[in-house]
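A.B. asks: Here it is, the structure in full.
Quick note: the coordinates plus some simple rules give every number you see, no bench work behind them. Quick caveat, the model's predicted, so the values are computed rather than measured.
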Amino acid sequence: MKATISLEGIWKFLQSLSLSANNKEWLGEKLLEEARKEKAEKQESYEDFIWNMCGAWKDDPRTTEEIIKDIRSSHQFGVTRHIMPLDDEEK
């Protein structure tokens, strides 16, 4: 059985408890600690993503010069591009 609890519901529940100032402070610190940890992990995963992209073409059999040549030769100047619709309808 899954239950969905809104933040407002959680807040009302916490207000209904008779927590001391020390308990409220402890709870707040725990929430902030968890939030900071999640933010740090998210930042680290972004850095990992960037580092993983370094060498994304390492399995490509072409040399660096060939890849650069292919990219530069794929540029189209003075060409009208016809954008295709993403749906299956033909227009």
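A.B. asks: Count the lysine pairs in the chain whose Cα atoms sit under 29 Å apart, keeping only pairs 8 or more residues apart in sequence or on different chains.
C.D. replies: The result is 17.
A.B. asks: Compute the long axis of helix 7-16 from its Cα atoms, compare it with the longest principal axis of the Cα atoms of the chain, and write down the angle in degrees, 0 to 90, nearest 10.
C.D. replies: 20 degrees
A.B. asks: Here are a few candidate values for Rg/Rh (Cα atoms, Kirkwood Rh): (1) 1.32; (2) 1.41; (3) 1.04. Which one was actually calculated from the structure I just gave you?
C.D. replies: From the options (1) 1.32; (2) 1.41; (3) 1.04, the structure gives (1).
A.B. asks: Tilt of helix 21-53 relative to the longest C-alpha principal axis of the chain, in degrees (0 to 90, nearest 10)?
C.D. replies: 10 degrees
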